[in-house]
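Worksheet for the structure shown next.
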Amino acid sequence: MALPGPEWRGLLARRWAELDPPLRERLAAASLHDAVRLGCDLLRTEEEEVALVRLCQRVRTGKEPEAASFYREQGNREFGHRRYQMALRLYSKAASHELPSSPEVSVCFANRSAALFHLEHFEVCLEDIARAESHGYPDRLLPKVLLRKAECLLCLGRLQDAADALSVVESKIHMDGLMTSPTHQTLLKKLSQLKVKLHEKERCPEPAQEARGDMQGKSEIWEENDGISGASSSLSLNFDTERGRHLVASQDIMPGQSLLKEEAFVSVLCPGESLPLQDSETAWDTRVTNADLYCHRCLRQLLASVPCRGCSYAKYCSQDCADMAWEQYHRTECSLGALLLTLGVFCHVALRTVLLAGFAEVNRLVEWSHSGDKDPHNSKAGCKCLSETPEPGAGTRGIPGCDDSGQYHSSYQAVFHLLPHTEQHSPEHKFLCMLSVVAICKQLQEAGLHAAVLNQESSEQWPKTKTSEQTSDELSPELKTVAEAMLRHMLQLQCNAQAITVMQELGPGDGAVVNKKPVRLATAFFPVLSLLNHSCCPNTSVSFSGTAATVRASQPIPRGQEIFHCYGPHQCRMGAAERQQLLRQYFFECHCRACLDELESDVKSVVSMRNSFCCPSCQAPMQGEEDLLCCSNEACATSVSRENLSRRLQDLQQQIKKALDLLRDRKADQAIKMLLKCQMDAGNFLSPEHLLMGEMEDHLAQVYATLGKWQEAARHLKKSIGIVEMHHGPSSVETGHELFKLAQILFNGFAVSEALSTIQRAEEILSVHCGPQSAQIQELQEMKTCLSELPRSILQRT
Ligand SMILES: [Zn+2]
Ligand SMILES: [Zn+2]
Ligand SMILES: [Zn+2]
Ligand SMILES: [Zn+2]
């Protein structure tokens, strides 16, 4: 959820409606500077603060020992059932609720190391064992863990280390004495087994693992622009009043060529859909959220997470990431977790942006924004830079956001210059943003974090102790400056927030064919990427790796053409009217080629034609814009209400969902039956090109793949690919992902020549969109290598 939750929004909407009309007018016309001052007085009323406290209590971000023991028990149960992946995640949840350096947290790490061992993540297993030891793992339990360590080292082929570990554990076991206890006997047995294994390995060492030399892929041609950090030298930054700042090809560009490579200035992990909002006391959520799956700082996928020492919601890929996050922003954010989750990701991004920038820089730019302000009460102040067209011939100097030498960097200055559109937001929206920002700053002050925000080192240590030298309710002048900058960022985010998306695996992930869908992982500011204007038929494609974005040309771009990026409404996904509606949040009317074609020529959008209903009696397309749809076949004369057909569509979607639940419960046969029935139903009222028809084929392919019926799976997937191609185009990234799946299926079914040609096609498409280094391309290449070695191994066998 980008904006604050519905309760807080509702409360502030009521409050807004109750304000005196003159005050409302003042607020509507206020500059950011004045808005913050007004907001400080308005939030003083008890009602909002109490309500906010109540809302925050429902979000649990603190460490709760009860939760820890609950998750640990659940983890043990899953472990007992050999569901190690789930056990691993539950032990991580447990660890995040334990206090640092407690014996309890060390037990979590030790348990988790066992799950990691079974999942054959030996290196990470060793890390967790070391973690358990450093957090004070109980001495009497140590031998078992040390034996696991030795076994890990053996599996990794580190024989000398394994021998050392074994001798340590041997002397430990003998020192502990009392040979009679049963656990002791088990330990001794395990010890002797491992010693035997060690001797065997020492006698015939395994050949050293081949270095994966040729997996590097082709290196990309990349020459960085002199004037714009992270941009290719084949682009130039232009400015005019109509298009604002924009990037143009300064030479002919090939498809797949990298145009921008930018690290996010700031990014905040989205909590994901199953945010644990509970009113009950003991119902702990065992579902996994983004916070369990990705590093809070660098967005890398988590295996064995390192919990924050202060809260239960921030989890990191490594101690280094945890330390860096703490230094840069988390020491301020840590105790504010519940408030930040309640107020939404935009508020969180706004706060983290000012923390990363540092108070000095925030203060400098806020002051600067006032100084250029001819009329301090003029709300256009934030946008004044746009009206000042740079002098002709001045190059990039004078283009907003550029420094004195005309360079555009991914810096706070560039972020600060993104358009806030202050005067175009509804006054009510500004009111919501303003009071939310003020609420955060007030809590910062109350929690004694004032010094931390100003980058003063006095609160370096644990910040929870209140050093409330500030006893009054009034925000300090510095925090008012911070609030003003945050309000600006909140307003900028509406147009400039960039979603970081990844292809996330669906289901248990133990099948031979991976089913993935794109999910929103984080919200970020990319000041260089923000230079690109929108088009519903863009000439680029964006992919993410961690917090870095790469933009590539998705088609040939001739010199002089503008570089476009799609903000979301793509011509393949919706009609022009719907796109324009969505784009209104960015305060512009789209005049891209697709929109002009569709709106001016009055042709029906391809999307609505393909995703249309057909006649239940004769299957001809249904026509009509109104509530009653008529069959296009004149001889038929059937008419049905749109509502009726929409309801059937909804029912169908429900049934498909049920079929997928069956698949998840490993009832593949029933899932197939249900999907086939859905297909029959759908054929009676959906056009054969409807996207849902394709989705059903895709699901059928998935089920057959879990059964190992590769030919059937391939047959269905090919139908799905046909429909995806029709909607998104044969060289779209969507088609690429489908071809990737088909390649996996053909590979598993030993359909060698067809697999090779499918790999080839998938590789061509995906390398344009995701680059030659992407995980999917690497996987395709591994499949190819494997297939090319296949005939030899088959020959050897026969
Ligand atoms: Zn990390
Ligand atoms: Zn924390
Ligand atoms: Zn458009
Ligand atoms: Zn008909």
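Structure data summary
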item	result
Pairs where the first residue, in the range 569-588, is closer than 16 Å to Leu599 by Cβ and the second is among the aromatic types (Phe, Trp, Tyr), C-beta under 8 Å, 6+ apart	Leu583/Tyr567
Qualifying residue in the range 272-280 (condition: at pLDDT 90 or above and either within 26 Å of Pro772 (Cα to Cα) or open to solvent by 90 Å² or more (accessible area, probe 1.4 Å) (or both))	no
Any hit, the range 662-673, residues being assigned to a loop (DSSP other than H, G, I, E, B), more than 35 Å from the chain's Cα centre (by Cα) and either closer than 14 Å to Val703 by Cβ or touching a residue at least 12 places away in the same chain (Cβ under 8 Å) (or both)	no
Selection count, the range 674-694, where residues are more than 17 Å from Ser646 (Cβ to Cβ) and either open to solvent by less than 60 Å² (accessible area, probe 1.4 Å) or outside any loop (DSSP other than H, G, I, E, B) (or both)	8
Selected residue (criterion: most open to solvent (accessible area, probe 1.4 Å)) from residues of the range 515-544 that are within 30 Å of Arg664 (Cα to Cα) and in contact with a Gly (Cβ under 9 Å, 6 or more places away or on another chain)	Arg520
Evaluation of Ala51 against (1) within 20 Å of Cys311 (Cβ to Cβ); (2) touching a residue at least 40 places away in the same chain (Cβ under 8 Å) (one fails), failing number	(1)
Counted residues, the range 306-355 - those being of a type in the set (S, T, N, Q) and in contact with a Cys (Cβ under 7 Å, 6 or more places away or on another chain)	1
Answer residue from the range 335-354, given it is open to solvent by 10 Å² or more (accessible area, probe 1.4 Å) and not β-branched (Val, Ile, Thr) and is nearest to Gly5 (Cα to Cα) among those	Leu341
Candidate set from the range 639-673 (those that are within 16 Å of ligand 4 (Cβ to nearest atom) and open to solvent by 30 Å² or more (accessible area, probe 1.4 Å)); member that is nearest to Lys719 (Cα to Cα)	Arg648
Segments classed as helices (runs of 4 or more DSSP H), wholly inside the range 9-125, with at least 3 members that are open to solvent by 70 Å² or more (accessible area, probe 1.4 Å)	21-29, 46-57, 65-80
Any pair with Cβ under 8 angstrom, 6 or more apart, that starts in the range 492-505 at a residue that is within 18 Å of Leu531 (Cβ to Cβ) and ends at one that is open to solvent by 40 Å² or more (accessible area, probe 1.4 Å) and among the polar types (S, T, N, Q)	Gln494/Gln585; Cys495/Gln585
One residue from Ala291, Ala325 being small (Gly, Ala, Ser), modelled with pLDDT of 95 or more and either within 16 Å of ligand 2 (Cβ to nearest atom) or within 19 Å of the chain's Cα centre (by Cα) (or both)	Ala325
Pick from the range 618-634, criterion assigned to a loop (DSSP other than H, G, I, E, B) and surrounded by 13 or more Cβ atoms within 10 Å (Cβ to Cβ), ranking: farthest from ligand 3 (Cβ to nearest atom)	Cys618
Selection count where residues are closer than 14 Å to Leu343 by Cα and open to solvent by less than 10 Å² (accessible area, probe 1.4 Å), scope the range 404-438	7
Qualifying position, being at positive phi and either of a type in the set (Gly, Ala, Ser) or in contact with an Asp or Glu (Cβ under 6 Å, 6 or more places away or on another chain) (or both), among Ala668, Ala637, Ala659, Ala620	Ala637
Residue under evaluation Cys311, criteria (1) closer than 22 Å to Glu263 by Cα; (2) within 16 Å of ligand 2 (Cβ to nearest atom), criterion not met	(1)
Test: residue in the range 735-748 that is touching a Leu at 6+ places or on another chain (Cβ under 7 Å), open to solvent by less than 50 Å² (accessible area, probe 1.4 Å) and farther than 30 Å from Gly575 by Cβ	yes
So Gln711, is it touching a Phe, Trp or Tyr at 6+ places or on another chain (Cβ under 9 Å), at pLDDT 90 or above and open to solvent by 30 Å² or more (accessible area, probe 1.4 Å)	yes
Members of the range 294-314 that are within 19 Å of Thr501 (Cα to Cα) and buried (at least 23 other Cβ atoms within 10 Å of the Cβ)	Tyr294, Cys295, His296, Arg297, Leu299
Within the range 431-450, tally of residues that are assigned to a helix (DSSP H, G or I) and in contact with a Ser or Thr (Cβ under 8 Å, 6 or more places away or on another chain)	4
Near pairs, Cβ below 6 angstrom, 6+ apart or cross-chain, from the range 316-337 (free of Cβ contacts under 8 Å to residues at least 40 places away in the same chain and part of a helix (DSSP H, G or I)) to any residue that is within 14 Å of ligand 1 (Cβ to nearest atom) and open to solvent by less than 10 Å² (accessible area, probe 1.4 Å)	Gln319/Val306; Cys321/Cys295; Ala322/Val306; Ala322/Tyr316
Some residue of the range 472-492 being away from ligand 2 (no atom under 16 Å from the Cβ), farther than 30 Å from Cys311 by Cα, modelled with pLDDT of 90 or more and not in a loop (DSSP other than H, G, I, E, B)	no
Criterion (of a type outside the set (Ser, Thr, Tyr), modelled with pLDDT under 90 and more than 20 Å from Gly256 (Cβ to Cβ)) met by exactly one of Leu742, Leu756, Leu746, Leu795	Leu795
Test for Ala751: is it buried (at least 21 other Cβ atoms within 10 Å of the Cβ) and touching a residue at least 24 places away in the same chain (Cβ under 8 Å)	no
First in the range 294-311 and more than 19 Å from His348 (Cα to Cα), second anywhere and aliphatic (A, V, I, L, M), Cβ under 7 Å, 6 or more apart	Gln301/Leu293; Leu302/Leu293; Leu303/Val124; Ala304/Leu116; Ala304/Val124; Val306/Ala322; Pro307/Ala95
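The values are calculated or read from the model by the stated rules, or taken from the named source; none is laboratory data. If you're wondering where the values come from, they're calculated on a predicted model, not measured in any experiment. Please note: Cβ atoms are built from the backbone with ideal geometry, for glycine as well, and neighbour counts cover all protein chains shown. Keep in mind that these areas ignore ligands, DNA and RNA; they rest on the heavy atoms of the full protein, side chains included. Shrake-Rupley method; radii C 1.70, N 1.55, O 1.52, S 1.80 Å.
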